[in-house]
Amino acid sequence: MRTSSFWIANYCVPCHAYCRYCLLSSCGKATGVDYKDGKEFARRVIREMKEARPDLACGYYLGYCMDTPDLPDFLSFSREHDAPAAKFLQMNGFAFREDQVLADLMRMIRENGVEMIDLTFYGTEEAHDRFAGRKGDFRFLLRMLDQAGKAGLQVNVSIPLIRENLSQMPELYKTLSAFQLNRRSCFLPHSKGRGRTLPDQRITKQEFEQLPEEIRKTFAKTKHMTEAEWIASGKMAEPAERALTLVLTPDNFGKYSRMSATEILEELEEMDDRYLKEIPSVQELAVRYGNPQNQQLFRIRDLVLGWQQRYIAETGNRIYDMHDETHSFSVHI
């Protein structure tokens, strides 16, 4: 399988929310390494990779959140390496702030080259706060929208569609219409991290089609079909490319600091190759776990991921799950 990109992730910033589908199963504390140590490590690895593999996209990013006093420095580093965060910033999970402090924050990121921010709404106020795991999150995001507009930032609002929030969409869209938004994007939640606990919340094709057109036309452009349609389609090809990510931790940082960028990449590729050998093919998984009657909607990647998770669980969880983003991982494309 061809490797198309190599990323370094440092989960060095705690998130102040506790979202029910958190990709990283955020625990309210940092699990990465010191920000400056991580940045200098990334600088060295990116430099080496540009020399050894100029064809490979390579970069560095932070988690669980972007709420750090090092944010101006991180944005400068991102500009230095032409990384996506230089212009686009995901801003969920920030600590609550008074309006003036929030205004200063938005102005700072705009002055540092960010053009667009993204905020995620999970429903109307009560439902959103419950999903985000903290009271007041909904109103805080609205204040962030307001201050972002005043600072001249473009804003994208992301909205995961789940069964329990579908009826709230018209009211939520009406609330958001009071703000200057550049884009609204609806999507179906993943099943990574705590997202694995929400399989019954995945919507059906019929439920999606009953949504108002205004909402349906903002739905993600990635191809979605029901599980039944995917199985019948014969279009479930094996992935051809992968994006690899090294997640830095206090336990592995010393080891990787002594390795060259090429050695690190080779180790991650070997880990992913081993995973691919241990996991059955997409077609085999479909025969074993596929439900040809299921009308729930999926991206093919999420559908196959669910089957792979079931296989790993049934075989005693002995397989290192390369799609678990709480540690070093791969995304198959």
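Where the accessible area of the chain is counted over protein heavy atoms with a 1.4 Å probe, how much of it, in %, is carbon and sulfur? Each step should come with its number before you reach the end.
Values: 7640 of 15680 Å².
Summing carbon and sulfur atoms, their accessible area is 49 percent of the total for the chain.
For residue 319 paired with residue 273, estimate the spin-label separation in nm (one decimal), with each label point 7 Å from Cα along the Cα-to-Cβ line.
Going from the residue 319 label point to the residue 273 one covers 1.8 nm.
Report Rg(Cα)/(2.2 N^0.38 Å) for the chain, keeping two decimals.
That works out to 1.02 for the chain.
How much of the DSSP beta bridge set in the chain is antiparallel, as a percent to the nearest 5? Write down the numbers at each step before the final one.
On the way: 7 of 37 bridges.
Just about 20 percent of them are antiparallel.
Heavy-atom accessible area of residue 272 with all protein chains present, probe 1.4 Å, nearest 10 Å²?
Roll a 1.4 Å probe over it and residue 272 shows about 0 Å².
R0 = 25 Å: FRET efficiency of residue 50 with residue 233, Cβ-based, nearest 0.05?
Numbers: r = 40 Å, r/R0 = 1.59.
E between residue 50 and residue 233, to the nearest 0.05, is 0.05.
At R0 = 22 Å, how high is the FRET efficiency between residue 73 and residue 134 if r is their beta carbon distance? Nearest 0.05 is fine. Write down the numbers at each step before the final one.
Values: r = 27 Å, r/R0 = 1.24.
Efficiency at R0 = 22 Å is approximately 0.20.
D for the range 81-156, whole µm²/s, Stokes-Einstein with Kirkwood Rh over alpha-carbon pairs at 4 °C and 1.567 mPa s: what number?
The Stokes-Einstein estimate is 101 µm²/s.
Quick check for you: with a 1.4 Å probe and neighbouring chains kept, what is the accessible area per residue of the chain, in Å²?
Working: 15680 Å² over 333 residues.
Here the residues of the chain average 47 Å² of exposed surface.
Just to be sure I understand: if I project the alpha-carbon convex hull of the range 1-44 onto a plane and average over all orientations, what area do I get in nm²?
In nm², the orientation-averaged hull projection of the range 1-44 is 4.6.
Just by accessible area at a 1.4 angstrom probe, what is the order of 328, 260 from largest to smallest?
260, 328
Could you report the accessible area of residue 327 in Å², rounded to 10, computed with a 1.4 Å probe on the protein chains as they sit in the structure?
50
If you take every residue apart from residue 222 with its C-beta less than 12 Å away from the C-beta of residue 222, what net charge results, scoring Lys and Arg +1 and Asp and Glu -1?
+3
Explain nothing, just the number: dipole magnitude of the chain about its Cα centre with +1 on each Lys and Arg Cβ and -1 on each Asp and Glu Cβ, in debye rounded to the nearest 20.
So the dipole magnitude of the chain works out to roughly 460 debye.
Can you tally the lysine pairs in the range 198-282 where the Cα-Cα distance is under 26 Å and the two residues are eight or more apart, or on different chains?
Lysine pair count for the range 198-282: 9.
Would you work out the charge dipole size for the range 206-260 about its Cα centre, treating the Cβ of every Lys and Arg as +1 and the Cβ of every Asp and Glu as -1, and quote it to the nearest 20 debye?
Working: 8 positive and 9 negative charges, 92 e Å.
For the range 206-260, the charge dipole is close to 440 debye.
Per-residue HN-Hα couplings for the range 115-126, Karplus 6.51 cos²θ - 1.76 cosθ + 1.60 at θ = phi - 60°, whole Hz, x for Gly and Pro?
Rounded to whole hertz, the list is 9, 9, 10, 10, 10, 10, 10, 9, x, 6, 3, 5.
For the modelled label position 7 Å from the Cα of residue 180 along Cα-to-Cβ, which residues of the range 145-162 have backbone nitrogen atoms closer than 13 Å?
145-155
Express in nm, to one decimal, how much length is gained between residue 115 and residue 143 on full extension, taking 0.36 nm for each residue of separation and deducting their alpha carbon distance.
Length gained between residue 115 and residue 143: 8.3 nm.
The values are calculated or read from the model by the stated rules, or taken from the named source; none is laboratory data. The shown structure was predicted, so the numbers you read here are calculated from the model rather than taken from an experiment. Methodologically, a virtual Cβ is constructed for each residue, glycine included, from the backbone with ideal geometry; neighbour enumeration extends over all protein chains shown. Side chains are part of the model used for accessible areas, which takes the heavy atoms of the whole protein and leaves out ligands, DNA and RNA. Shrake-Rupley method; radii C 1.70, N 1.55, O 1.52, S 1.80 Å.
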